[in-house]
Amino acid sequence: MKKELIKSKSNFNNPLKKTPFYEKFSSQMTQGYWYDWSGYKAASIIQDQELEYFAIRSTTSLFDISPLIKYRIKGKDTEKFLNKLTVRNVILQKNNTVQYTLWCNDDGHVLDDGTLFKFSEFDYRLCCQERHLPWLLDTAIGFDIELFEETDLVAGLSIQGPTSASVLNNAGLSIINTLKPFDFVTIKKNILISRTGFTGDLGYEIFLPNQLANNFWDKIWEAGKYLGIKAIGFNALNIARVETGFIVANSDFITAEHAIRNNRTRNPDEIGLSWMVDMSKPFFNGKDAIVKIRKNNLSKYVFAALEIDGKEPADGAIIYHDKKHEVGIITTATWSPTAKKSIALASMKLPYGQKIKSNLWVEIYALRELEYYKMMKKVSIVKTPFVKLKRRTLTPPLKN
Amino acid sequence: MKSYDVIIIGAGHNGMAASIKLAKTGRKVLILESSSEFGGMASSNILLNDNVNQPLPHLINHLCSKSIKDLDLIKYGLKTKNFFIPSISVDKNQNYISFSGSYGSQIDGIDSNEKANWEKLKKRMFFQANLLKKFLYKSPINRENNSLFDKLDFLKTGINLRIKGREEFQEFFRMMLMCVADILEEEINNDLLRGLLAFDATLGINLGPRSPTSYMGLLYRLAGEFNGAQGAQIFPEGGIPKLIETFYKSSTSAGVEFIFKNEAKNLIFENNKVTGIKTQNGEEFFADIVLSSVSPIKTFFDFIGPQRLDTGLLREIKSLRYKGNVSKLNLLLNKIPKSSFLSNEQLSARITYTPSINHVEENFNPSKYQQLPEDPNFELLFPSIIDETNINDNGIIASIIIQNTPYSLKDGWDSSKKLLYSKIMLTLEKIFPDIKKSVLASKLISPLDIETIFNVPGGHWHHSELQIDRMYSLRPVFKYSSYRTPIHGLYICGAGTHPGGGISGKSGINAANQIIKDQKQNNHYYEKRID
Ligand SMILES: Cc1cc2nc3c(=O)[nH]c(=O)nc-3n(C[C@H](O)[C@H](O)[C@H](O)COP(=O)(O)OP(=O)(O)OC[C@H]3O[C@@H](n4cnc5c(N)ncnc54)[C@H](O)[C@@H]3O)c2cc1C
């Protein structure tokens, strides 16, 4: 009996959960590339990575974001609480908008990044990669709020691409036409549509109660029939997000609670997110530490966006200065089909990447039919995004 | 607007110690105290009847000569004539051993073999206590306080230790984390002696003699000194009230202002810098420096507040163990009690009811389940017999400290007090057959009472549990063991900081030194006052 209990409680022994959109995606799946996203079965590729990428950039893509961890925060002290938790000032955020944010531990090291949906000053939703309930609950001590996880209650679908606005209009959702980037609306049946996404393209994200998922999908699919709608997996999305210069926790930096080694944690300045930190707030978790870090120049790393000569993907490659000294590592790299360049995100050891930006090289090992080709390729530091699209921000949105 | 250089919260002996150090540098110091008296847990707040009172503490063993000097206590009335108090460990069958000098330098009631065993063990323990002493009274070395000088000092101690020989060195590390019971059973045989040492190792903390690290409690006690006599327990002439009065006199003479019956309520701070304090009745007092001598639980939760604490720190503070387990029974007797086996002279000793290690352990066990012990251990002192200047027309005081009486009781304290009283009486009658009849007045103070009377959450002897995981640079928490807090200008002293509770004044002195050092670095200049 007791053993039974333990077994049923242990997530590690359970099969991965299926999202409300699972049947829709799996029925199109020809490849069988699944991965574990926060305990959910999530697709890496549905049919063809390249075609899926081009759906994002040329037509419309559908990506299942149901596994995103979602917390709901309500009550009198919601904003005070969020202002302690996160580094940005939520009071400045407007109702019905989404804010990209991050939060730190006592040492000013990043615990995670995420998006904050503001319904009102007393009601927010926080979406992120990792689970943080104990941290959130302990942070809530002394605040009059109610906080609960709604990951399993709310399904999410990301609709991205140049025809996405047209698809939604076809589906009768013309209400989206007035949405500027980072705005959202809540329509009847508690369906939330935000003009957000991880692609740097025109696009929307829908959050809706689980039981509406199937019908909603059918409606969208029907509406997109002649607009090139396509179900996609994470791999295609990943290319688009690198092109935009978005970082992913535990891929481009190690979150503080995941890091086993002392020097793997990163403060916001070290991952290129210093702009978020609002030092004019009287207090937030990690502020004391960040003050000290900045005052004494204790940051050791800098985030860099790189363009690499040639076409070889440079994932995980070491960056050298003068072809001799190791000065950093590439965290994510890809061939950008839109920029037609080999691009990468990297973490570099200061002062390289900040004061010293030239004479930088990467060493790439390309495996070609069981033989390695070793190359030193020149890299240059550039600004993100690698791919900048006007249609991303145009309001009303482009319709074709 | 009332403004000061330093405002100290709490007129406990640590608050007063800090005030003396700070006022002597010319700083204008205010002490805000919630009760009507100075002395905190060592104040004479507890009335036995209309005319007689007896504080919680009755002996001291942590007031070192340097502190006495630093605080000018002799100048303000601390008598050099002090009483070294022997201990007599008794059981219910009229057996006893007597233990005198500074921690058992003479010992009666055991045979010569056992004496030799004891001598050997004592030598080793004192050697180790001496090492500990090097760290005991100084500010902890930590992330922030680690000047070259501090580090060298630390290193020197390490080298000294090593020079004493490999064997002693290894012995120290072997024994440091052990339970006191294993060590005693390894080295000595007499149950009463073992029982006494087991009691001394665990009094005031939530450990039994068979709990790992309980030996540290004994070392901590032995590392203490009173005016140069190490490991000695002292009854200061005139008792604790007189001693505490010298703190007060020294403090007021240094120019410190006291305000009583005014509880500090909220810290006033701006941009992470303290500017003052608001009291319960709405008054505001301003200063660049606020020093809180109250429990760290209160300082962090009530004064700074959870909203202003980094979550990791908040977790640490929340996890501090602060529930006390020591009660006090004060009795007023109509005459000197007659013992069936102890001489009148022996009534000037500390009499402990600590028959064996197992007895002390069995006392500890129920406390884990919020229950009272079957047959409580205690120590008993007759302050008015020890010191004739302390004699009182109203009667003879018996001051009894009872171990393992937890703050939270399953049956609640209201209904348990009578039971505890009768248990103690039962044992006392075995020593003093007629004692019950001569009780004129009695007062039993539980940890719960201590919490209310003295404004100490949990009523803990040390404000917060003093075990190895919360000693030295881990006290009260690692990040703030330098007597600082996350708010600039807000400092902490009091038993919850290093070196912990007991009357030593060291937390106050160390915190004051830290303040002086910090202000010097920030280019504050205070002229030294010329007396
Ligand atoms: C039963 C018992 C027996 C003991 N026996 C001995 C003994 O024999 N020998 C020994 O050395 N030690 C003994 N101790 C321990 C000793 O009494 C304490 O460790 C010591 O007195 C602590 O001193 P302190 O100055 O650090 O704190 P405290 O004495 O607790 O002083 C803190 C002061 O702050 C005040 N305060 C609290 N909150 C506020 C507020 N918000 N505003 C203003 N003021 C406030 C309190 O009223 C108090 O006066 C005993 C303890 C107990 C419980």
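The values are calculated or read from the model by the stated rules, or taken from the named source; none is laboratory data. Model, not experiment: these values are computed from the prediction. Methodologically, a virtual Cβ is constructed for each residue, glycine included, from the backbone with ideal geometry; neighbour enumeration extends over all protein chains shown. With ligands, DNA and RNA removed, areas are computed over all heavy atoms of the protein, side chains included. Shrake-Rupley method; radii C 1.70, N 1.55, O 1.52, S 1.80 Å.
Only one of B:50, B:72 is open to solvent by 20 Å² or more (accessible area, probe 1.4 Å), more than 16 Å from the ligand (Cβ to nearest atom), at pLDDT below 95 and part of a loop (DSSP other than H, G, I, E, B); which?
Step by step, each of B:50, B:72 is checked, and only B:50 is open to solvent by 20 Å² or more (accessible area, probe 1.4 Å), more than 16 Å from the ligand (Cβ to nearest atom), at pLDDT below 95 and part of a loop (DSSP other than H, G, I, E, B).
If a residue counts only when it is polar (S, T, N, Q), which strands (runs of 3 or more DSSP E) contained entirely in region A:108-180 have at least 2 such residues?
Because the criterion is at least 2 residues that are polar (S, T, N, Q), the strands (runs of 3 or more DSSP E) in region A:108-180 that meet it are A:110-120, A:154-160.
Just a yes or no: is a residue in region B:11-27 assigned to a loop (DSSP other than H, G, I, E, B) and near the ligand (Cβ under 8 Å from one of its atoms)?
Yes, region B:11-27 has at least one match.
Within region B:413-433, is there a residue that is of a type in the set (Phe, Trp, Tyr) and surrounded by fewer than 20 Cβ atoms within 10 Å (Cβ to Cβ)?
Looking through region B:413-433, at least one residue is of a type in the set (Phe, Trp, Tyr) and surrounded by fewer than 20 Cβ atoms within 10 Å (Cβ to Cβ).
Taking the condition more than 14 Å from the ligand (Cβ to nearest atom) and buried (at least 23 other Cβ atoms within 10 Å of the Cβ), does residue B:6 pass?
Considered against the rule, which asks whether it is more than 14 Å from the ligand (Cβ to nearest atom) and buried (at least 23 other Cβ atoms within 10 Å of the Cβ), residue B:6 comes out as yes.
Given (1) open to solvent by less than 20 Å² (accessible area, probe 1.4 Å); (2) touching a residue at least 12 places away in the same chain (Cβ under 8 Å); (3) away from the ligand (no atom under 12 Å from the Cβ), where does residue B:442 come up short, assuming only one miss?
(1)
Of all residues in region B:464-513, which are out of contact with any helix residue (DSSP H, G or I) (no Cβ under 7 Å at 6 or more places or on another chain) and within 19 Å of residue B:42 (Cβ to Cβ)?
Selection gives B:466, B:500, B:501, B:502, B:510.
When region A:292-322 is examined, which residues are found to be on the phi > 0 side of the Ramachandran plot and either of a type in the set (Asp, Glu) or at pLDDT below 95 (or both)?
A:310, A:316, A:322
Wholly within region B:222-338, which strands (runs of 3 or more DSSP E) include no fewer than the required count, namely at least 1 residues that are surrounded by fewer than 23 Cβ atoms within 10 Å (Cβ to Cβ), within 14 Å of chain A (Cβ to nearest Cβ) and over 20 Å from the mean Cα position of the chain (by Cα)?
Here the list reads B:264-270, B:273-279.
I'd like to verify a number: residues in region A:1-48 that are open to solvent by 100 Å² or more (accessible area, probe 1.4 Å), in a helix (DSSP H, G or I) and modelled with pLDDT of 80 or more, how many?
1
Can you work out which of the residues in region A:222-239 that are in a helix (DSSP H, G or I) and without any contact (Cβ under 8 Å) to a residue 60 or more places away in the chain is least open to solvent (accessible area, probe 1.4 Å)?
The selected residue is A:223.
For region B:491-513, state whether one or more residues are away from the ligand (no atom under 12 Å from the Cβ) and within 14 Å of another protein chain (Cβ to nearest Cβ).
no
I'd like to verify a number: residues in region B:54-69 that are closer than 17 Å to residue B:507 by Cα, within 12 Å of the ligand (Cβ to nearest atom) and open to solvent by less than 10 Å² (accessible area, probe 1.4 Å), how many?
Residues in region B:54-69 being closer than 17 Å to residue B:507 by Cα, within 12 Å of the ligand (Cβ to nearest atom) and open to solvent by less than 10 Å² (accessible area, probe 1.4 Å): 2 in total.
Which of the residues spanning region B:344-401 are at pLDDT 95 or above and hydroxyl-bearing (Ser, Thr, Tyr)?
Within region B:344-401, B:352, B:353, B:354, B:356, B:367, B:369, B:399 meet the criteria.
Which residue pairs have Cβ atoms closer than 7 Å, lie 6 or more positions apart in sequence or on different chains, and pair a first residue in region B:237-253 that is more than 17 Å from residue B:381 (Cβ to Cβ) with a second residue that is of a type outside the set (A, V, I, L, M, F, W, C) and within 12 Å of the ligand (Cβ to nearest atom)?
B:247/B:13; B:251/B:19
What are the pairs with Cβ atoms under 6 angstrom where one residue, in region B:292-319, is among the basic types (Lys, Arg) and the other, located anywhere, is more than 16 Å from the ligand (Cβ to nearest atom)? Sequence gap at least six, or different chains.
Cβ pairs passing all conditions: B:308/A:283; B:315/A:138.
For region B:454-490, enumerate the residues that are at pLDDT 95 or above and among the β-branched types (Val, Ile, Thr).
Result: B:456, B:477, B:485, B:487.
Only one of (1) outside any loop (DSSP other than H, G, I, E, B); (2) surrounded by fewer than 19 Cβ atoms within 10 Å (Cβ to Cβ); (3) β-branched (Val, Ile, Thr) is not met by residue A:56, so which one is it?
Of (1) outside any loop (DSSP other than H, G, I, E, B); (2) surrounded by fewer than 19 Cβ atoms within 10 Å (Cβ to Cβ); (3) β-branched (Val, Ile, Thr), only one is false for residue A:56: (2).
Are there any pairs, at least 6 apart or on different chains, whose C-beta atoms fall under 9 Å, with the first in region A:112-141 and closer than 15 Å to residue A:94 by Cα and touching a residue at least 24 places away in the same chain (Cβ under 8 Å) and the second outside any strand (DSSP E or B) and hydroxyl-bearing (Ser, Thr, Tyr), and if so, which?
A:115/A:196; A:120/A:78; A:121/A:78; A:122/A:78; A:123/A:78; A:124/A:78
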